[in-house]
Structures are given as structure tokens and as C-alpha cells.
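Asks: Structure below; questions to follow.
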Amino acid sequence: MLVGLWLFACTLAQAQVPVHRAEVLASYPHDPNAFTQGLTIHDGLLYEGTGRNGESSLRLVDLETGEVQRRQNLPQRYFGEGITVLGDKVYQLTWQSHVGFVYALEDFKQLQSFFLPGEGWGVTHDGTSLIVSDGTAMLRFLDPETLRETHRVAVTEDGLPLTRLNELEYIDGEVWANVWYTDTLVRIDPQTGKVKSKVDLSGLHPERGNDDVLNGIAWDAEAQRLFVTGKLWSHLYEIRVSE
């Protein structure tokens, strides 16, 4: 029996995914009143989605100063969640209203709304499909034109379901996700759902309250720069992840 337990423990130890550390390269001002739910960079410009009823918005933000250059507020009844930019459109989720919004990128004019089954947490895209998290271990793939689900993938870490996947970003063929109420990013294979590795960001922003959690990943593919922030954080950080 003891030998069996020892072998089981060894198997678990060997199965654990790699954990990377991160180096802070620079920090930038961030609106400390922004309850960050989505973050993305498109053509070198920073876009942010914020949450809370009565405070939810879609924003174009100046990276260097943190100033909001354009803003579209959501109606009081909606709690804004993740955002992503695909082509000339911005997609934004809401939390429990089963509604998503599509905006024109150039002026944030709302083009349409759509039905979203389940909760809305994070959203990104792989160039072909929208990829949505809903607080469960599932990643749902939506057709960006019909906004209907085409398929889904269960996310696992060491063979176990990984829930509370929050803000998402697609980086070099992987889905990166914040795990709610942790200081960890996970790097997911979108084909299998397996967590390939994790990024430990503990200590990045130590002075915070219960809701001021890490949430927000933005990848500038052209400049190969990675940014992270959190809900109600006063700074946004450019980081480099060790391999």
C-alpha cells in the first residue's frame, strides 16, 4: 500500500506543469477606478473593458499616460466583462445578462447585440473563432459572424478540470488565461484544453483588497510586448516571461 501511494505521489509530481516567473520591464499609469475585465492591443492601441453595474464601459486608453481617449458606457443593468478586437469590430461580453455586444472599432458605435448562453467572463480570438470563458472549465468557440457556438474544449491541469478561467488572450497559438482569485496565468493548448505551463505573478501588485485581483492580459503581436494589470490597479505592467 505504501509503495502504491509513493508511486502515485511520484506520478503527480512528474505530471505537474512547468511554472514560469516574470520580469517587470516597465510600468504605466492605470485608472485605479477601472474594474478591469478585458484588455487587448490592436494595431498598437490599447483597449479595455470594465465591469460593475453602472460603471461598465469599453475604452480606448493611452498606454503611456493611462488616459481614456474614447469611451462607450454600458447601460446600468449590464455588468461588462471581456473584450476582443477582430477585424474592424470590438466584441464585449456581459456577466449574467446573457448578452454580448458588437461595436465598430473606429468609433465604438454599437452594431448589434447577441444572445450569450451561460455566463460571460473572458473572450479572445484565434483569427477565425471567438474563444469565450464562462467561469467553468470550458472554452467555447463562436463563429464571429453568426455568434453561435461551433464547438467547445474542456480545460484540464494535470488531468483535472480547471475552472474560474477569466480574462483571455491568444498568444502564438496558445490561449492565456487569468485564473480568478489567483496570481497565476495559465497557458492552454486550444486543441486539447491541456494547460501547458503557468506563469507565477505573485508579488506583482501586493497592496490590494479582496476584489483587486489580477485580471487583464494584452499581447502586442507586432512589437512582441506583453502587458498585464488587475481590477482597480493603479498600474499596468509590461512583463517578460522566462522560458
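No lab work stands behind these numbers, since they all come straight from the coordinates. The shown structure was predicted, so the numbers you read here are calculated from the model rather than taken from an experiment. For neighbour counting, all protein chains shown are included, and Cβ atoms are generated from backbone atoms with ideal geometry for every residue, glycine included.
Asks: Could you give the length gained on full extension between Thr192 and Glu106, defined as 0.36 nm per residue of separation minus the Cα-Cα distance, in nm? Could the numbers behind the result be given before it?
Replies: Details: separation 86, 0.36 × 86 = 30.96 nm, distance 3.53 nm.
27.4 nm is the gain from fully extending Thr192 to Glu106.
Asks: Could I ask something else about it? Cα convex hull of the range 140-199: how many Å³ per residue? Walk me through the numbers on the way to the answer.
Replies: Numbers: hull volume 5.5 nm³, N = 60.
So the per-residue hull volume is 91 Å³.
Asks: Which angle between 0 and 90 degrees, to the nearest 10, do you get for helix 2-15 versus the longest principal axis of the chain when only C-alpha atoms count?
Replies: Tilt of helix 2-15: around 30 degrees.
Asks: On to the next question. With the Cα gyration tensor of the range 92-141 giving a ≥ b ≥ c as the square roots of its eigenvalues, does the rule (a/c under 1.5 for rounded; else a/b larger than b/c for prolate; else oblate) give rounded, prolate or oblate? Please report the intermediate quantities before stating the final value.
Replies: On the way: a/c = 2.53, a/b = 1.41, b/c = 1.79.
Judged from the Cα gyration tensor, the range 92-141 comes out oblate (a/c at least 1.5, b/c at or above a/b).
Asks: Additional query: Could you go through the range 152-162 in sequence order and give the Karplus-derived ³J(HN,Hα) for each residue, using 6.51 cos²θ - 1.76 cosθ + 1.60 with θ = phi - 60°, rounded to whole Hz, and x for Gly and Pro?
Replies: 9, 10, 8, 8, 10, 10, 6, x, 10, x, 10
Asks: Based only on Cα atoms, what Rg/Rh ratio does the chain have, Rh being taken as Kirkwood's radius? Show your work: numbers first, answer last.
Replies: Working: Rg = 17.9 Å, Rh = 18.1 Å.
Computed over Cα atoms, the ratio is 0.98.
Asks: Seen from all sides and averaged, what is the projected area of the convex hull of the Cα atoms in the range 53-124, in nm²? Let's see the in-between values first.
Replies: Values: hull surface 19.5 nm².
So the Cα hull casts an average projection of 4.9 nm².
Asks: So what is the 222 nm mean residue ellipticity for the chain from helices alone, if each DSSP H run of at least 4 adds -39500 (n - 2.57) and you divide by all residues, rounding to the nearest 500 deg cm²/dmol?
Replies: Working: 1 runs with 14 residues, N = 243.
It comes out at -2000 deg cm²/dmol, rounded to the nearest 500.
Asks: So what J values fall out for the range 173-182 if you push phi through Karplus, 6.51 cos²θ - 1.76 cosθ + 1.60 with θ = phi - 60°, rounded to Hz, Gly and Pro as x?
Replies: These are the phi-based 3J(HN,Hα) values: x, 10, 9, 9, 9, 6, 9, 3, 6, 10 Hz.
Asks: Which of Phe108, Phe101 comes first, and how do the rest follow, when ranked by fewest Cβ neighbours within 10 Å?
Replies: Phe108, Phe101
Asks: Using Cβ contacts closer than 10 Å as the measure, can you line up His30, His151 from fewest to most? Don't skip to the end; give the middle numbers.
Replies: Details: His30 24, His151 9.
Ordered from fewest to most neighbouring Cβ atoms within 10 Å, His30, His151 come out as His151, His30.
Asks: A further question follows. Taking amide H positions as placed 1.01 Å from N in the peptide plane, with prolines and chain starts having none, which residues 5 or more places from Glu119, or on another chain, fall under 5 Å of its amide H?
Replies: none
Asks: With charges set only on the Cβ (+1 for Lys and Arg, -1 for Asp and Glu), what does the dipole of the range 153-193 come to about its Cα centre, in debye to the nearest 20? Before the final figure, lay out the partial values.
Replies: Values: 2 positive and 8 negative charges, 31 e Å.
Magnitude of the dipole: close to 140 debye.
Asks: Between Asn215, Asn33, Asn166, find the one with the highest GNM mean-square fluctuation for the chain; connect C-alpha pairs within less than 10 Å.
Replies: Asn33
Asks: Would you mind finding the longest exposed-site-free stretch of the chain, with exposed trypsin sites (Lys or Arg not before Pro) meaning DSSP loop and at most 11 other Cβ atoms within 10 Å?
Replies: Values: sites that count: Arg77, Lys109, Arg148.
By the stated rule (loop sites, at most 11 other Cβ atoms within 10 Å), 149-243.
Asks: Same structure again: For the range 85-99 and the range 143-187, what is the separation of their C-alpha centers, rounded to whole Å?
Replies: 16 Å
Asks: Further, regarding this structure: List every residue whose amide H lies under 5 Å from the amide H of Lys89, counting only residues 5 or more places away in sequence or on a different chain, with H placed 1.01 Å from N in the peptide plane.
Replies: Correct list: Leu105.
Asks: Only counting other Cβ atoms within 10 Å, I'd like Ser133, Ser56, Ser197 sorted with the fewest neighbours first.
Replies: Values: Ser133 30, Ser56 24, Ser197 15.
In increasing order of surrounding Cβ atoms, one gets Ser197, Ser56, Ser133.
Asks: Rounded to the nearest Å, what's the spacing between the alpha carbon centres of the range 32-63 and the range 106-130? Just the number, please.
Replies: Comparing the Cα centres of the range 32-63 and the range 106-130, I get a distance of 14 Å.
Asks: Once amide H atoms are built 1.01 Å from N in the peptide plane, which residues 5 or more positions from Lys194, or in another chain, come under 5 Å H to H?
Replies: Thr156, Asp189
Asks: On to the next question. R0 = 22 Å: FRET efficiency of Ser113 with Arg70, Cβ-based, nearest 0.05?
Replies: Values: r = 20 Å, r/R0 = 0.90.
The pair Ser113/Arg70 has a calculated efficiency of 0.65.
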